[in-house]
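One structure is given below, encoded as C-alpha cells.
Please treat every number below as a calculation from the coordinates, not as lab data. Just so it is clear, the structure is predicted and the values come from calculations on it, not from any experiment. Every residue, glycine among them, receives a Cβ derived from its backbone with ideal geometry; neighbour counts consider all protein chains shown.
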C-alpha cells in the first residue's frame, strides 16, 4: 500500500521517514481510506513504542504521505530470528 523513504526536513534540519501511498493504491478507494485511517490513528497515538507523526499531506503528484520520526536500528531480517548462517535462532520469551 505504501513505501517508506529516508528523507531530510530542510527547514528543521532533521532526518525524517516519509511514507507515501503507492500509485496502484491511488485507484482503489478502499486502500486510500485505509492509508488515511492509518495516518489519523498513528498521529493520535502517544506512546514510547509508536513513532510520532510530524506532518501529513499530499505531494506534488497528489499522493498522500505522512512524515514521521526516523529511527535507526538493525534491519528486520537480522532481528527476525534468522542467524547469519540461515539457521533459526531461539528467542527467549522476554526478547
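Observations on the structure shown:
- Remark: spin-label model distance residue 33-residue 50 equals 2.2 nm, labels positioned 7 Å along the Cα→Cβ axis.
- Fraction in percent of alpha-carbon pairs per bin - 5 Å, the range 2-79: 3, 14, 23, 23, 20, 12, 5, 0
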